[in-house]
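Shown next, in structure tokens, is the structure this report addresses.
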Amino acid sequence: RATHHSPDSPDPPCAARQLYINFQEVGWHNWIIAPRGFMANYCQGHCFFPTATKISSLNHAVMQSLMHSVAPATTPPPCCVPVKLSPISVLFYDNSDNVVLRHYEDMVVDECGCR
Amino acid sequence: AQPQPGALSPQASALLQTLGLSPPSGPPPTRPVPSVMWRLFQRGTEAAEPQDLPQESQPLPCHVEELGVPGNIVRHVLDGGASAPPEPASGSLCLEKPLFFNLSFLDLKEQLTLVRLELNFGAPGDLAPDQGWELSLAQAQGPRLWGQPLHWHQREVLLSRTVPSLRDPLYFDMLSLGLMGNSTFPHNLSLVLEVLPAREGALPPGSCSMLGRSLEASLLVVTLDPQLCQPAPRKR
């Protein structure tokens with residue numbers, strides 16, 4: 001959800017924050033063999049320019065930010081979202097008692113940007 | 001309505017379905033993890049680590065390096081055939097064992113790239129070590145339902161091979177034998193394994209039944225789900 005902030009918002013700039021997915025906490029630990037969890041991370045922070053020029057941003061985000069600065073009521077600022085992700089492999093039991101290794105793309109946020 | 005104890009909430013079911021996961025519904029599994037699966041997991045984890053390798057040295061996406069085939073899902077399937085092998089039909093036959101693998105979990109969008117049968121006879125070191133053995137593998141013909149007896153006369157021999165010893169695991173590439181290579185997708189695989197001594201001679205008493213008890217058969221199934229595989233980024 002895009003929220004309206006003023007350029008002098010106390011929010012830190014858009015960046016990757018640490019998020020550890022713990023399979024025990026979500027109750028999947030009985031059948032996921034490995035890993036026990038992984039650092040998935042997430043994106044959070046403001047996308048106000050020129051601060052946001054330091055991170056990966058689309059030209060569209062620059063223009064949207066420009067419009068937001070002059071008409072904040074009608075134009076939200078760009079969103080802070082994952083722009084680079086990496087895969088992980090998960091080893092688990094399925095419901096046929098097979099041991100399964102599955103490769104999942106886009107599981108870890110490596111980099112965030114304004115979109 | 002409140003979900004039943006142990007039942008998944010609709011949200012959890014939707015999340016699991018999105019990830020292609022179907023967790024066990026009963027008590028936690030106690031089956032040990034095969035070493036090959038641990039090894040493949042560790043290799044896959046290492047490959048996912050950021051590496052400063054040149055582009056040509058980077059691991060191929062959706063490729064199981066150790067097995068040398070494309071794929072992003074690897075399954076280790078245990079034999080679900082009869083636990084007690086029947087008595088051999090003839091005097092020279094040492095072991096006749098039905099093998100049954102339930103493959104109903106395979107999704108239509110998955111492409112089979114490897115189906116490898118592994119036969120592990122344990123370590124029957126005292127079982128005529130210099131004997132030599134003849135193995136025969138046949139496919140049971142016709143439909144068969146889970147738990148129902150096999151019609152022994154309906155079989156097509158897939159291979160016959162002489163091996164010097166049963167100490168080490170034996171591997172058979174089932175796709176190269178012409179199984180499951182066509183458009184028809186198998187829901188199960190029914191096989192019959194026969195083992196007999198390569199040379200005439202008396203085996204130690206009880207050795208054939210010991211062989212049957214120690215045999216562990218499993219299937220390593222590798223599939224490629226193209227929807228889970230991202231193409232390599234194009235250079236612009």
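Each reported figure results from applying straightforward, stated rules to the coordinates on display, with no laboratory input. Computed from a prediction, not measured in an experiment: that's the story for all the values here. Cβ atoms come from the backbone with ideal geometry, glycine included; neighbour counts cover every protein chain shown.
Tabulated results
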{"item": "Per-residue ³J(HN,Hα) for the range B:221-228, Karplus 6.51 cos²θ - 1.76 cosθ + 1.60, θ = phi - 60°, Hz, x for Gly and Pro", "result": "10, 10, 10, 10, 9, x, 5, 8"}
{"item": "0 to 90° range, to nearest 10: angle between helix A:59-70 axis and chain A longest Cα axis", "result": "50 degrees"}
{"item": "Most to least packed among B:20-29, B:105-114, A:92-101, B:70-79 [average Cβ atoms within 10 Å]", "result": "B:70-79, A:92-101, B:105-114, B:20-29"}
{"item": "Average partner coverage of A:31-44, which counts Cβ from other chains inside 10 Å", "result": "2"}
{"item": "Estimated FRET transfer efficiency (A:Ala15, B:Val163; beta-carbon r; R0 56 Å; 0.05)", "result": "0.40"}
{"item": "Average other protein chain Cβ within 10 Å of Cβ, residues A:77-83", "result": "0"}
{"item": "Linear extension gain, B:Leu16 paired with B:Ser92, 0.36 nm per residue minus alpha-carbon span", "result": "22.2 nm"}
{"item": "Estimated FRET transfer efficiency (A:Leu58, B:Trp38; beta-carbon r; R0 56 Å; 0.05)", "result": "0.85"}
{"item": "Inter-chain Cβ neighbour average for residues B:20-30, partner chain, 10 Å", "result": "5"}
{"item": "Mean-position separation - Cα centroids, the range B:158-173 and the range B:193-213, in angstrom", "result": "15 Å"}
{"item": "Equivalent ellipsoid, chain A (semi-axes from 5 times Cα gyration tensor eigenvalues, Å)", "result": "38, 13, 11"}
{"item": "Whole-number percent relative contact order across the range A:53-115, with pairs defined as alpha carbons under 8 Å at least 6 apart", "result": "40 percent"}
{"item": "Sequence ranges B:219-229, B:8-18, ranked by mean other-Cβ count within 10 angstrom, highest first", "result": "B:219-229, B:8-18"}
{"item": "Sites A:Val26 and B:Glu216 - FRET efficiency at Förster radius 30 Å, r taken between beta-carbons, to 0.05", "result": "0.35"}
